[in-house]
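Visitor: Here's a structure for you.
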Amino acid sequence: EAQVTQNPRYLITVTGKKLTVTCSQNMNHEYMSWYRQDPGLGLRQIYYSMNVEVTDKGDVPEGYKVSRKEKRNFPLILESPSPNQTSLYFCASSPLRASYNSPLHFGNGTRLTVT
Amino acid sequence: GNSVTQMEGPVTLSEEAFLTINCTYTATGYPSLFWYVQYPGEGLQLLLKATKADDKGSNKGFEATYRKETTSFHLEKGSVQVSDSAVYFCALRPYNTDKLIFGTGTRLQVFP
C-alpha cells in the first residue's frame, strides 16, 4: 500500500531534550516536506526537499533540522525543543514538478508536546 | 504574495443539508487550487483540484469551481452526511512551484 509513515504518533518531552521524528514513503517520490499544524494558523511549511541531499527552508524553519540521505526517508530533528514547538506535525511527499499538479500524500501526523 | 483565506468554522449542519465553505485566494499568475480533507486522527487527503480558470473539480459529491474573476474556489455539496464531518483545507500551488499554501481550515460538523 502506498503510504507515508511517521513515527511516533504521540511524543511528550521536556525542554532541551533532542528528538527525531521519522518519516518514510514507499512511492519513490522526489519531493518531501514537513508541516506543522496549529489552531487558527493552518499548515505551515517547515522544510522541504526536492531530492536526495537537497533540502530548503520553508516558512517556519527556526529550531528544526532535516536530512535527506535516502530518497524514502526525511527525518525532522529538534536539537533543543522548546514549548512553542508543541504542535501537530505532518510529513508529506509527492512526485516532482514534472507533474506539478500531483497531490501531496500525507502521513497521519505526530502530536508533540514539549513541557 | 500568495495566500488563501477560508471562512472560519465550525460549520454545523444537519444531515442532508447543503454545504458551502468559502475560499478566496491571492496569487500571481495562474495557480492550481486544491481542497484537502482531514478526518479525525488522520493526515490530509486530496479531495479535489482544479488547474485552470473555470475548471470544476469534483469528488465524493463535493464540487468546487475555479473562478479567476472572483479569485474564489468555494467548496459545495448538495447533501452532507455525518461521515463528512472533518476539517477542510483550501490550498493553492503557485504556477511552476512545488510549494503548497494552505488556508487555516474549516471544521464541518454534521449531525443526524
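Visitor: Quick one: net charge around B:Val11, please, counting Lys, Arg +1 and Asp, Glu -1 for every other residue with C-beta under 14 Å from its C-beta.
Guide: -2
Visitor: I would also like to ask the following. Which loop-located chymotrypsin sites (Phe, Trp or Tyr not before Pro) does segment B:18-112 contain, where loop means any DSSP state but H, G, I, E or B and the Cβ has at most 15 other Cβ atoms within 10 Å?
Guide: Listed in order of number, the matching sites are B:Phe18, B:Tyr95.
Visitor: Averaged across orientations, what area in nm² does the convex hull of the alpha carbons in the protein assembly as shown project?
Guide: If I average the Cα hull's projected area over directions, I get 12.4 nm².
Visitor: To the nearest whole number, what is the average tally of beta carbon atoms from other chains within 10 Å of the beta carbons of peptide B:91-104?
Guide: 5
Visitor: Once a ≥ b ≥ c are taken as the square roots of the eigenvalues of the Cα gyration tensor of chain A, is the result rounded (a/c under 1.5), prolate (a/b larger than b/c) or oblate (a/b not larger than b/c)?
Guide: Working: a/c = 1.73, a/b = 1.67, b/c = 1.04.
Prolate, because a/c is 1.5 or more and a/b exceeds b/c.
Visitor: Largest first and to the nearest Å, give the Cα extent of chain B along each principal axis.
Guide: Ordered largest first, chain B gives principal extents of 43, 27, 21 Å.
Visitor: Charges at C-beta only: +1 for Lys and Arg, -1 for Asp and Glu. How large is the resulting dipole of chain A about its Cα centre, in Debye rounded to 20?
Guide: Computed about the Cα centre, the dipole is about 200 debye.
Visitor: In the structure shown, do any of A:Lys18/A:Lys71; A:Lys69/B:Lys49; A:Lys57/B:Lys49; A:Lys71/B:Lys68; A:Lys18/B:Lys49; A:Lys17/A:Lys71 have a Cα-Cα gap over 29 Å, and if so which?
Guide: As for pairs spanning more than 29 Å Cα to Cα, those are A:Lys69/B:Lys49; A:Lys71/B:Lys68; A:Lys18/B:Lys49.
The numbers here are math on the coordinates, done by the rules we state, and not lab data. Remember, it's a predicted structure, so these values are computed and weren't measured experimentally. All Cβ positions, glycine included, derive from the backbone under ideal geometry; neighbour counts span all protein chains shown.
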